[in-house]
Amino acid sequence: MLIVGNSIISDEIKNKHFCCNVEKCNGMCCVEGDAGAPITKEEITTIKTLLSEVMPYLPEKNQQTIKDHNFFTKDKDGDLVTQIIDGKDCVFAYPTTIVNCEGKEIQAHFCIFQKLYLEKKINFIKPISCHLYPIRISYYDEMSALNYHEWDICKSAIEEGRKQNIHIYENCKNALIRKFGQKWYDDLYLQCKKENNDNSF
């Protein structure tokens with residue numbers, strides 16, 4: 001494991017390869033699982049200010065769920081999470097069509113916040129828990145622990161990461177900087193590079 005500031009980072013984040021490949025996974029992380037994405041109180045406040053902008057882009061079912069049940073709730077552990085539909089779909093996921101490098105159309109799901117962020121219509125990319133994935137953070141007093149969350153639907157991301165030689169800490173660079181700052185990430189990067197990566201898997 002590595003220690004950066006007040007954070008403990010698992011070896012998997014240093015060693016394991018990962019690079020999201022929406023062409024293969026179809027954005028299933030937005031529509032699978034038994035609970036929504038972890039969300040902070042600060043993010044709830046931000047999303048409330050953006051609702052009027054994002055709602056028109058969402059399917060009618062998503063809009064109605066938000067109107068009837070709000071866009072966030074608590075999971076079985078009492079943690080704040082985004083609301084889901086039919087026990088799985090995040091209310092902020094929307095169906096879309098992407099075109100791969102071969103010109104083939106692929107049906108996928110995408111985060112409405114990320115769509116509007118990339119179009120420069122809003123300045124909120126997505127909840128930090130989604131941005132950091134597959135890294136999950138746990139808190140213990142003044143320390144935080146960063147661990148890899150393994151999910152079968154992300155097998156293609158592991159394969160793509162191996163192909164491009166991209167590790168989790170590199171794949172999540174922007175999210176980690178957003179969460180912890182540039183200096184923190186630079187320290188993590190140097191430690192990871194210093195370690196022997198011959199055991200990467």
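Say R0 is 22 Å: what FRET efficiency, to the nearest 0.05, do W184 and L50 get from their beta-carbon distance?
After rounding, the FRET efficiency stands at 0.20.
Roughly how many whole Å is it from the C-alpha centroid of the stretch 43-73 to that of the stretch 126-201?
Using only Cα atoms, the two centres lie 29 Å from each other.
My understanding is that a pair violates if its Cα-Cα distance is over 24 Å; which of K41/K115; K88/K155; K67/K120; K48/K88 do that in this structure?
The answer is K67/K120.
State, as an integer percentage, the relative contact order of the chain based on alpha-carbon contacts under 8 Å between residues 6 or more apart.
Answer for the chain is 34 percent.
Provide the net charge surrounding F113, with neighbours chosen by a C-beta distance below 14 Å and charges set as Lys +1, Arg +1, Asp -1, Glu -1.
Computed value for this residue: +3.
State whether the stretch 1-88 is rounded, prolate or oblate according to the following rule on the C-alpha gyration tensor (a ≥ b ≥ c being the square roots of its eigenvalues): a/c under 1.5 gives rounded; otherwise a/b larger than b/c gives prolate, and the remaining case gives oblate.
It is prolate, given that a/c is not under 1.5 and a/b is the larger ratio.
Read-outs throughout are calculated quantities, based only on the coordinates presented, and are distinct from any laboratory measurement. Computed from a predicted model, the values in this text were never measured in an experiment. Glycine gets a Cβ as well: all are built from the backbone with ideal geometry, and neighbour counts include every protein chain shown.
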